[in-house]
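Student: Attaching a single structure in structure tokens format; questions to follow.
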């Protein structure tokens, strides 16, 4: 029996123009490059903190890890 890890699907929904450099860096470190770009990241406290910082720019959905 394999335990499925929780993953989060993150989509950049708003432009970074006019936002602080630290918020731009946070979005970039999540792996997001352009509007409507989607990435899947592990559900960890570190990632949750990053998402909280840019919550006004992104959309987040919980998904099950397909590779487990």
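Student: I want to confirm something. Restricting to segment 44-68 and keeping residues that are farther than 25 Å from residue 20 by Cα and assigned to a loop (DSSP other than H, G, I, E, B), which single residue is modelled with the lowest pLDDT? Give the derivation first.
Tutor: To start, the set of residues in segment 44-68 that are farther than 25 Å from residue 20 by Cα comprises 62-68.
Those left that are additionally assigned to a loop (DSSP other than H, G, I, E, B): 65-68.
Working: 65: 71, 66: 65, 67: 62, 68: 49.
Out of the qualifying residues, it is 68.
Student: So if I check each of 26, 40, which one is in a helix (DSSP H, G or I) and surrounded by 14 or more Cβ atoms within 10 Å (Cβ to Cβ)?
Tutor: Numbers: 40 fails: in a helix (DSSP H, G or I).
Unique residue meeting the criteria: 26.
Student: Now, a different point. Does residue 14 count as over 23 Å from residue 65 (Cβ atoms), surrounded by 13 or more Cβ atoms within 10 Å (Cβ to Cβ) and without any contact (Cβ under 8 Å) to a residue 24 or more places away in the chain? Can you show your working first?
Tutor: Numbers: over 23 Å from residue 65 (Cβ atoms): yes; surrounded by 13 or more Cβ atoms within 10 Å (Cβ to Cβ): yes; without any contact (Cβ under 8 Å) to a residue 24 or more places away in the chain: no.
The answer is no for residue 14.
The values are calculated or read from the model by the stated rules, or taken from the named source; none is laboratory data. Quick caveat, the model's predicted, so the values are computed rather than measured. Cβ sites come from the backbone with ideal geometry, for glycine too, and all protein chains shown count toward neighbours.
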